[in-house]
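Notes for the one structure printed next.
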Amino acid sequence: MKPSSRLERIPPYLFAELERKIAAKKEQGIDVISLGIGDPDTPSADLTVETLRAAAADPGTHQYPSNRGRPEFREAVAAFYERRFGVELDPATEIVPALGAKECVFNLNLAFLDVDDVALAADPGYPVYTGGPLLVGAEPVLMPLLPERGFAPDLGAIDARARDRARLMYLNYPNNPTGAVAPEGLFEEAVEFGRANDVLVVHDASYTETTFDGYVAPSFLATAGAKEVGVEVFSLSKGYNMTGWRAAAIVGNPEAIEAYWRLKTNIDSGMFDAVQLAAAATLERCDDFAREMSAVYRRRRDLVCDALRAIGVDVTPPKGTIYIWAPVPDGYDSASYAEHVLEESGVVVSPGGAYGPNGEGFFRISLTVPDERLTEAVERLRSSLAG
Ligand SMILES: Cc1ncc(COP(=O)(O)O)c(C=O)c1O
């Protein structure tokens, strides 16, 4: 049996590889602490679960959902965007549910890229921004995110040939993996770029609800003109501990939303109605829950950053996300450091190079493990460095 050549084009998915390594260590009886994957360790809100329970008990939710989404879901997203970001959205034409941001980002490639078109993707960045274009026969062109630019891409430096062929641009703030928040002026520049080059700007807003130290993350759509050139993918996964639910929405430019919807009617049959109702209730009534989770991650962020600094790692505490992005110690590259840490101390960190060439020299720690396990993990990192 031979998989398609398109599948051969992409490297193995980073976390699939990590899961394999972790499983092998566990089989050897090693107490592995995984700081690799960003998957919240505490439950979803009671209100979310109770709403699902009641909705699932109603046979009215048991048939095929509509790819357009239930009015309750779309109206809840619109009310949330207005209250939280000051962004007005028309629930009829500017909001459609998505089965997680990952699904949505991938399918945007199918909806907008022809063979040999270009998608501009952040480097380092979430792997689907590059894997997605490759899987549809298009080309991801990397936009370096450098610490000295606050991890903002330099849109003026994009090669003219790539610019002419570009149809999509992926941005993501607060940013995975760097933890950076939206750099001043970037969203405005992106609107200009999208307009001048007929590029759909896709802002992945997976981490807007997880922020610290008084920072409140904006929506890309709050930027003047953004809705003319862009969409935002908002996910409930991280901010509301709902990774397992596959609940997100794509919002913004109505023509882009229509194209995504049209594509999706050929691919799946929408989000379970009971999940839509639970997600709607969450957006309506769980602001406090998201704030409390941010407080948990802030505490863990400080714990990790203090410990890393104490062992000489020069780390900048992020203002958002569930990640710490830190330089690897001298004498290692990111892969050899991740390998070393796993071998010596049973701790899994993500090698920065797996997020793109400009992730080289860094490693990523996810804060989605309980405080005592984090403390133990950092202690093990300390010993492995000393040894
Ligand atoms: C930037 C970014 N986008 C999307 C996702 C996936 O989100 P979802 O669970 O909504 O598919 C992740 C998960 O790690 C992410 O980091």
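The values are calculated or read from the model by the stated rules, or taken from the named source; none is laboratory data. Note that the structure is a prediction, hence the values are computed from the model and not measured. Positions of Cβ are backbone-derived with ideal geometry, glycine not excepted, and every protein chain shown enters the neighbour counts. Heads up: the accessible areas ignore ligands, DNA and RNA and are worked out on the full protein's heavy atoms, side chains in. Shrake-Rupley method; radii C 1.70, N 1.55, O 1.52, S 1.80 Å.
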- line: Given (1) more than 13 Å from the ligand (Cβ to nearest atom); (2) in a helix (DSSP H, G or I), Ala119 misses just (2)
task: Please specify each residue of segment 312-342 satisfying the condition of being part of a loop (DSSP other than H, G, I, E, B) and surrounded by 14 or more Cβ atoms within 10 Å (Cβ to Cβ).
output: Val313, Val315, Thr316, Pro317, Pro318, Lys319, Thr321, Ile322, Val328, Pro329, Tyr332, Asp333
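Please go through segment 282-292 and pick out each residue that is buried (at least 21 other Cβ atoms within 10 Å of the Cβ) and either small (Gly, Ala, Ser) or part of a helix (DSSP H, G or I) (or both).
First, the residues of segment 282-292 that are buried (at least 21 other Cβ atoms within 10 Å of the Cβ): 282-283, 286, 290.
Selection gives Thr282, Leu283, Ala290.
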- prompt: Yes or no: Gly86 open to solvent by less than 50 Å² (accessible area, probe 1.4 Å) and either free of Cβ contacts under 8 Å to residues at least 40 places away in the same chain or on the phi > 0 side of the Ramachandran plot (or both)?
  reply: no
query: In segment 245-267, which residue that is of a type in the set (Val, Ile, Thr) and surrounded by fewer than 23 Cβ atoms within 10 Å (Cβ to Cβ) is farthest from the ligand (Cβ to nearest atom)?
result: Thr265
Among (1) open to solvent by 20 Å² or more (accessible area, probe 1.4 Å); (2) within 30 Å of Arg364 (Cβ to Cβ), the one test that Ala56 misses: (2)
- request: Please go through segment 136-172 and pick out each residue that is within 16 Å of the ligand (Cβ to nearest atom) and either in contact with an Asp or Glu (Cβ under 8 Å, 6 or more places away or on another chain) or more than 21 Å from Pro327 (Cβ to Cβ) (or both).
  value: Pro140, Leu142, Met143, Leu145, Leu168, Met169, Tyr170, Leu171, Asn172
task: Look through Ala377, Ala354, Ala295 and report the one residue that is open to solvent by 10 Å² or more (accessible area, probe 1.4 Å), part of a helix (DSSP H, G or I) and over 25 Å from Pro218 (Cα atoms).
output: Ala354
field: In segment 210-236, residue nearest to the ligand (Cβ to nearest atom) [restricted to those that are closer than 21 Å to Tyr297 by Cβ and open to solvent by 10 Å² or more (accessible area, probe 1.4 Å)]
entry: Thr211
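Determine which member of the set Arg300, Arg285, Arg291, Arg309 is at pLDDT below 95 and away from the ligand (no atom under 16 Å from the Cβ).
So the residue among Arg300, Arg285, Arg291, Arg309 that is at pLDDT below 95 and away from the ligand (no atom under 16 Å from the Cβ) is Arg309.
Please verify whether segment 92-104 includes one or more residues that are exposed (fewer than 15 other Cβ atoms within 10 Å of the Cβ) and either closer than 30 Å to Leu200 by Cβ or within 15 Å of the ligand (Cβ to nearest atom) (or both).
As a first pass, look at segment 92-104 and keep what is exposed (fewer than 15 other Cβ atoms within 10 Å of the Cβ): 92.
This time we only want the ones that are either closer than 30 Å to Leu200 by Cβ or within 15 Å of the ligand (Cβ to nearest atom) (or both), so: 92.
Checked segment 92-104: at least one residue is exposed (fewer than 15 other Cβ atoms within 10 Å of the Cβ) and either closer than 30 Å to Leu200 by Cβ or within 15 Å of the ligand (Cβ to nearest atom) (or both).
Here is a list: Arg74, Arg20. Which entry is open to solvent by 60 Å² or more (accessible area, probe 1.4 Å) and away from the ligand (no atom under 16 Å from the Cβ)? Explain how you work it out, then say what you get.
Details: Arg74 fails: open to solvent by 60 Å² or more (accessible area, probe 1.4 Å).
Testing whether each residue is open to solvent by 60 Å² or more (accessible area, probe 1.4 Å) and away from the ligand (no atom under 16 Å from the Cβ) leaves just Arg20.
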- prompt: For segment 23-55, how many residues are under 18 Å from Gly239 (Cα atoms), more than 15 Å from the ligand (Cβ to nearest atom) and modelled with pLDDT under 95?
  reply: 0
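If I filter segment 202-209 for residues that are within 16 Å of the ligand (Cβ to nearest atom) and over 16 Å from Arg84 (Cβ atoms), do I get at least one hit? Before you say what the answer is, go through the steps one by one.
Here is the first cut: in segment 202-209, the residues within 16 Å of the ligand (Cβ to nearest atom) are 202-209.
From the residues that got through so far, the ones that are over 16 Å from Arg84 (Cβ atoms) too are 202, 204.
Yes: segment 202-209 contains one or more residues that are within 16 Å of the ligand (Cβ to nearest atom) and over 16 Å from Arg84 (Cβ atoms).
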message: Exactly one of these conditions fails for Thr208: (1) on the phi > 0 side of the Ramachandran plot; (2) touching a residue at least 24 places away in the same chain (Cβ under 8 Å). Give me its number.
response: (1)
message: Any residue at all in segment 192-209 that's closer than 30 Å to Asn67 by Cβ, basic (Lys, Arg) and either touching a Pro at 6+ places or on another chain (Cβ under 8 Å) or open to solvent by 10 Å² or more (accessible area, probe 1.4 Å) (or both)?
response: yes
task: Among the candidates Leu374, Leu367, Leu381, single out the residue that is of a type in the set (A, V, I, L, M) and over 15 Å from Gly38 (Cβ atoms).
output: Leu381
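Going by what's in this entry, would Arg382 be described as modelled with pLDDT of 95 or more and of a type in the set (D, E, K, R)? I'd like the intermediate steps shown before the answer.
Working: modelled with pLDDT of 95 or more: no; of a type in the set (D, E, K, R): yes.
No.
Quick one: is Ile257 assigned to a strand (DSSP E or B), within 17 Å of Arg74 (Cα to Cα) and at pLDDT 95 or above? Show your work before the answer.
On the way: assigned to a strand (DSSP E or B): no; within 17 Å of Arg74 (Cα to Cα): yes; at pLDDT 95 or above: yes.
No.
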